[in-house]
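The values are calculated or read from the model by the stated rules, or taken from the named source; none is laboratory data. Here the structure is a predicted model, which is why all the values come from computation and not from measurement. Neighbour counts run over all protein chains shown; Cβ positions are idealised from the backbone, glycine included. In case anyone asks, the SASA skips ligands and DNA or RNA and just uses the protein heavy atoms, side chains included. Shrake-Rupley method; radii C 1.70, N 1.55, O 1.52, S 1.80 Å.
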Amino acid sequence: MNLEDTMKEIIEDQGLDYTERVRTLYTTCPSCDRSDKLSILKDNGAVICYHGGCDFGRQWFQDWLSQTAGISIEDAKKRIYGERIKNIDRLPTKLVTEEEKKVVLEKLEYPANGFLDIDEKEAHEGAMYLEHRGVSTELANHYDIKYSPWFRRVVLPIKMGGSVYGWQARAIDKVDALDRMRNNEGFRKDQLLMFHDNLYLHKSAMLFEGPFDALKFHSFGGIVCSMGKNVSKRQIELINESPVDVVYLGLDPDATEELRGLTRSIEKKIKILTIPESCESRCEKAGKKADFGECSFLEIKEAFETAKDFSDGHVFVHLKKFF
Ligand SMILES: [Zn+2]
């Protein structure tokens with residue numbers, strides 16, 4: 001069976017529908033759940049979700065299957081390629097699309113109408129939310145974080161070279177996971193790195209998935225945020241071309257595959273940040289997932305001071321823990 005037919009069969013096995021175009025199949029995205037935005041190239045299994053703000057970005061059909069079926073990448077590859085698994089290394093590793101060729105980033109007006117400074121009276125609820133996430137008003141002002149009373153969201157700008165090219169707006173209320181974060185129109189997560197200019201102000205970079213994890217480490221180095229567990233090729237380029245000597249990785253430990261890929265493509269000394277035991281056990285007791293957001297300032301300091309030099313063995317420990 002050829003790749004195209006195998007992929008169709010697998011999609012149906014997952015109980016999903018697909019729409020067929022000349023060169024692509026459209027089916028449900030495991031990240032944003034939309035069925036009209038995720039396209040799969042029939043001839044090589046390259047997958048893209050075009051939904052703005054969706055974390056899926058550009059991956060391969062094995063990633064899609066792994067995330068959709070909740071199985072490991074290895075098992076997904078076996079299901080797709082079967083006996084041909086030995087030839088897996090010959091699969092194309094570069095994914096260039098028509099869309100990618102014409103990326104032009106536009107500067108945005110920031111703050112947009114109705115975005116208030118955090119210390120304004122009408123921004124009080126935004127300030128409270130930020131305080132709760134461990135972000136002081138002073139720190140919020142440092143990063144030009146604003147509050148929109150109309151949308152009830154705090155807004156984090158993505159500045160690169162001093163200009164704003166995008167923003168993320170986080171709901172301060174409990175909302176559906178899919179609605180928690182909104183971006184400006186035309187937002188290109190894969191092309192932007194939040195807090196980018198820190199790379200030129202510090203000797204070390206500290207890379208996180210989410211802005212609130214990152215902000216906790218503000219006083220320890222040049223924090224940057226990939227805005228999702230998939231760190232894009234461009235985001236890695238931006239780090240590699242910066243003058244930092246060391247990159248601390250503070251990614252979610254269950255992003256093992258991503259971590260492995262990252263350690264291969266970052267051309268700097270790499271250190272791994274881990275969540276201190278005290279936070280792990282406190283969260284376990286409370287039935288919560290431990291992350292840097294749950295850490296006290298002292299635990300953040302401990303994580304920084306005990307960061308380990310990267311070695312493959314370290315990633316292997318993570319692998320054993322999560323697979
Ligand atoms: Zn999606």
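At-a-glance table
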quantity: 3 or more residues closer than 22 Å to residue 245 by Cβ and either in contact (Cβ under 8 Å) with a residue 40 or more places away in the chain or not hydrophobic (A, V, I, L, M, F, W, C) (or both): qualifying strands (runs of 3 or more DSSP E) within segment 149-214; calculated: 204-208
quantity: Whichever residue in segment 40-80 is within 11 Å of the ligand (Cβ to nearest atom) and closer than 15 Å to residue 10 by Cα and, among such residues, is modelled with the highest pLDDT; calculated: 64
quantity: Subset of segment 299-319 [modelled with pLDDT of 70 or more and either open to solvent by less than 50 Å² (accessible area, probe 1.4 Å) or part of a loop (DSSP other than H, G, I, E, B) (or both)]; calculated: 299, 300, 303, 306, 307, 310, 311
quantity: Among (1) under 17 Å from residue 213 (Cα atoms); (2) in contact (Cβ under 8 Å) with a residue 40 or more places away in the chain, the one test that residue 137 misses; calculated: (2)
quantity: Residue list for segment 256-289, filter: buried (at least 20 other Cβ atoms within 10 Å of the Cβ), under 18 Å from residue 214 (Cα atoms) and modelled with pLDDT under 90; calculated: 259, 262
quantity: Only listed residue being modelled with pLDDT of 95 or more, of a type outside the set (Gly, Ala, Ser) and out of contact with any strand residue (DSSP E or B) (no Cβ under 7 Å at 6 or more places or on another chain), chosen from 128, 160; calculated: 128
quantity: Unmet requirement for residue 284, which otherwise passes all of (1) assigned to a helix (DSSP H, G or I); (2) touching a residue at least 60 places away in the same chain (Cβ under 8 Å); (3) acidic (Asp, Glu); calculated: (2)
quantity: Candidates 205, 177, filtered to the one that is over 17 Å from residue 165 (Cα atoms) and either among the hydroxyl-bearing types (Ser, Thr, Tyr) or outside the structural domain of residue 309 (by TED's automatic domain parsing) (or both); calculated: 177
quantity: Complete set of residues in segment 194-233 that are closer than 20 Å to residue 257 by Cα and of a type in the set (Ser, Thr, Tyr); calculated: 226, 232
quantity: Subset of segment 11-39 (residues that are under 19 Å from residue 71 (Cα atoms) and touching a helix residue (DSSP H, G or I) at 6+ places or on another chain (Cβ under 6 Å)); calculated: 14, 27, 30
quantity: Residue check, residue 165 under 24 Å from residue 49 (Cβ atoms), modelled with pLDDT of 90 or more, open to solvent by 20 Å² or more (accessible area, probe 1.4 Å) and not aliphatic (A, V, I, L, M); calculated: yes
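Okay, residues lined up against (1) more than 17 Å from the chain's Cα centre (by Cα); (2) buried (at least 22 other Cβ atoms within 10 Å of the Cβ); (3) within 27 Å of residue 31 (Cβ to Cβ):
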residue	(1), (2), (3)
138	yes, no, no
152	yes, no, yes
160	yes, no, yes
175	yes, no, yes
186	yes, no, yes
202	yes, no, no
206	no, yes, yes
227	no, yes, yes
